[in-house]
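Reading through the structure tokens given below for one structure.
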Ligand code: ADP
């Protein structure tokens with residue numbers, strides 16, 4: 001009897017002890033969960049403060065939508081514009097709220113990208129933080145629309161000018177006075193031809209930008225291709241007594257559209273020849289650079305001042321507008337578009353007084369093609 005009671009008490013005690021242990025473990029788990037939540041909250045607050053101080057450094061109205069996401073890309077926190085304009089509520093999965101492939105790519109890569117969502121354009125920057133990802137979005141719809149309007153206007157004006165200019169050119173040919181031609185006549189025709197070239201260039205640029213000009217790729221061998229361009233420019237460089245130096249390895253091939261790649265090379269050569277004073281030197285080099293072939297045009301002209309370097313690829317940018325010299329300020333803009341349409345890059349280097357060096361890349365023909 002005594003033994004039975006002792007056994008029962010023992011079992012009860014053991015049961016209570018086990019219960020206590022489970023309770024203790026649960027409490028520990030609960031405390032751990034609370035600590036974890038506090039840690040996340042602290043990290044969230046710290047990240048928010050960090051962004052806030054970062055934002056202070058930006059222009060007012062710079063960044064509109066801000067979001068902090070967890071590792072599963074679920075929204076932890078969103079500012080008011082993100083909630084109102086993008087319907088990004090905390091707790092939702094971001095890609096459910098904004099199912100945009102551009103955004104998915106941006107989150108997987110981190111960095112900066114343009115995101116098209118509904119009728120708007122956003123410039124997005126993503127970064128990693130301790131709990132997941134951060135995302136800042138700037139609404140660039142207005143700029144995009146202004147750019148499109150400007151492009152359309154230029155294309156339309158150029159298009160409408162083309163026919164009357166061609167007609168004037170024809171009529172002038174019919175009205176050509178008898179020999180000897182007055183000097184003013186030559187000038188008239190010269191200026192008209194310049195205007196026609198400018199209009200055609202603007203139209204080409206508009207078509208390239210609108211993607212209406214699919215590139216017709218073919219394998220091009222660099223050496224004969226560059227040589228043919230040098231010959232085309234012979235009257236210009238010979239008249240100035242320039243020396244042409246070519247450093248072009250044999251067997252270097254690119255995969256390019258000859259017409260557009262030619263516009264890039266042609267415009268660089270045209271500038272180098274135009275800006276180099278008589279007796280100077282223009283040099284063309286090419287080399288293989290992994291999956292690319294780099295082509296460099298350098299000269300011994302006045303060079304490009306450092307403050308102009310970032311701007312020379314802009315449309316209509318000319319350093320000295322009043323000096324004339326026949327340039328339209330479109331050459332390098334076209335060269336950049338043509339190179340970028342091939343996926344390549346174009347860069348300018350110059351130390352004032354020591355000439356200019358322009359380098360662009362085109363995709364190399366891979367072995368066995
Ligand atoms: P442009 O028709 O005026 O030459 P580009 O777009 O080809 O227009 O060039 C823009 C500007 O860049 C030029 O007006 C000139 O100031 C500068 N530039 C371009 N190439 C050279 C060069 N080789 N040497 C010096 N300046 C150059």
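Here, each number is a calculation from the coordinates, and none is a lab measurement. What you are looking at is a predicted structure, and each value in this text was computed from that prediction instead of being measured. A quick note on method: Cβ atoms are made from the backbone with ideal geometry, for glycine too, and the neighbour counts reach across all protein chains shown.
Observations
- Gaussian network model of the chain, springs between alpha carbon atoms under 10 Å - residue of 153, 332, 13 with greatest fluctuation: 13
- Alpha-carbon radius of gyration plus Dmax, which is the widest Cα pair, for the chain in Å: 33.2, 144
- What the pair-distance distribution of the range 212-308 shows, using all Cα-Cα distances binned every 10 Å from zero, is 15, 45, 30, 10, 0 percent.
- Relative counts (whole %) of C-alpha pair distances in the range 220-369, using bins that are 5 Å wide: 2, 10, 20, 24, 21, 15, 7, 2, 1, 0, 0
- For the range 1-144, the Kirkwood radius over C-alpha pairs fed into Stokes-Einstein at 20 °C and 1.002 mPa s yields D = 118 µm² per second.
- Value of relative contact order over the range 130-271, rounded to a whole percent, pairs C-alpha under 8 Å and six or more apart: 25
- Burial order of peptide ranges 203-212, 26-35 (average beta-carbon count within 10 Å, highest first): 203-212, 26-35
- The distance between label points at residue 157 and residue 171 comes to 2.2 nm (points 7 Å beyond Cα on the Cα→Cβ vector).
- Largest first, the three principal axis extents of the alpha carbons in the range 1-53 are 77, 6, 5 Å in whole numbers.
- Measuring spread by the Cα atoms of the range 64-161 yields a radius of gyration and Dmax of 16.2, 59 Å.
- When every Cα-Cα distance of the range 89-233 is counted in 10 angstrom steps from zero, the calculated P(r) takes the values 9, 20, 20, 20, 16, 9, 5, 2, 0 percent.
- If the chain linking residue 105 and residue 18 were pulled fully straight, counting 0.36 nm for each residue of separation and taking away their Cα-Cα distance, it would gain 26.2 nm.
- The mean of 1/r over all pairs of different alpha-carbon atoms in the range 105-190, once inverted, gives a Kirkwood hydrodynamic radius of 18.0 Å.
- Relative contact order [Cα under 8 Å, 6+ residues apart], the chain, whole percent: 10
- Burial order of peptide ranges 102-115, 139-152, 266-279 (average beta-carbon count within 10 Å, highest first): 266-279, 102-115, 139-152
- Most mobile of 130, 350, 288 in a GNM of the chain (Cα contacts under 10 Å): 130
- Here the sum of -39500 (n - 2.57) over DSSP H runs of 4 or more residues, divided by the residues of the chain, equals -16500 deg cm²/dmol at 222 nm, to the nearest 500.
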